[in-house]
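What follows is a short report on a single structure.
The values are calculated or read from the model by the stated rules, or taken from the named source; none is laboratory data. Given the structure is predicted, the values throughout are model-derived calculations rather than measurements. We place every Cβ from the backbone using ideal geometry, glycine too, and count neighbours over all the protein chains shown. Note: areas computed on protein heavy atoms with side chains; ligands, DNA, RNA excluded. Shrake-Rupley method; radii C 1.70, N 1.55, O 1.52, S 1.80 Å.
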Amino acid sequence: MAPAFYNNKLKPGGAAELISDEEVAAQKKEADIARTKALNAALEVKEHVEGKEIALTVKSGPDGRLFGSVGPKDILSELKGEIPKGALTGKVKIIGVKDEDDQEVPHDIKEIGTYSVRLQLLKDIEANFQVRVEEQRA
């Protein structure tokens, strides 16, 4: 960046601030530490979740169709009870749900059964687990 542009535009308006090489190095070190913590947390969640089965009990009709549906928020909400508190971050998302016939479910779950779920914890870390949707007994 040109010094004149900084002195005339950025500095007076408070849009930018000069920092030293030591401050840049400290910021990079903090970013590396944060990245390592996120990676360790994701691997811990994967260890807890991988291969597990969680059960959701919902109301359904006699033909096995649900009154309503089970969506990603419902699954993640139930999953939070299975893993250490605070381990799931806002970046965690469900990227795939397959039914018992190994067919991709393009919408919320609308029938009783067991489903395979792929959970993305970080950009390159995924976990697989089962969701069993059961009929609620009266």
Is it true that GLU30 is out of contact with any helix residue (DSSP H, G or I) (no Cβ under 9 Å at 6 or more places or on another chain) and either over 26 Å from GLU134 (Cα atoms) or of a type outside the set (A, V, I, L, M) (or both)?
-> yes
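Can you give me the number of residues within segment 111-124 that are open to solvent by less than 70 Å² (accessible area, probe 1.4 Å) and either at pLDDT 90 or above or among the β-branched types (Val, Ile, Thr) (or both)?
Adding up the residues that qualify gives 8.
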Search result, residues across segment 97-136 that are touching a residue at least 60 places away in the same chain (Cβ under 8 Å) and either closer than 12 Å to ILE75 by Cβ or out of contact with any strand residue (DSSP E or B) (no Cβ under 9 Å at 6 or more places or on another chain) (or both) | LEU119, LEU122, ILE125, PHE129, GLN130, VAL131, ARG132, VAL133
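Residues checked against (1) under 13 Å from the mean Cα position of the chain (by Cα); (2) open to solvent by 50 Å² or more (accessible area, probe 1.4 Å):
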| position | (1), (2) |
| --- | --- |
| GLU50 | no, yes |
| THR57 | no, yes |
| ASP63 | no, yes |
| LEU79 | yes, no |
| LYS91 | yes, yes |
| ILE94 | yes, no |
| GLU126 | yes, yes |
| ARG132 | no, yes |
In segment 1-58, how many residues are touching a residue at least 40 places away in the same chain (Cβ under 8 Å) and not hydroxyl-bearing (Ser, Thr, Tyr)?
-> 17
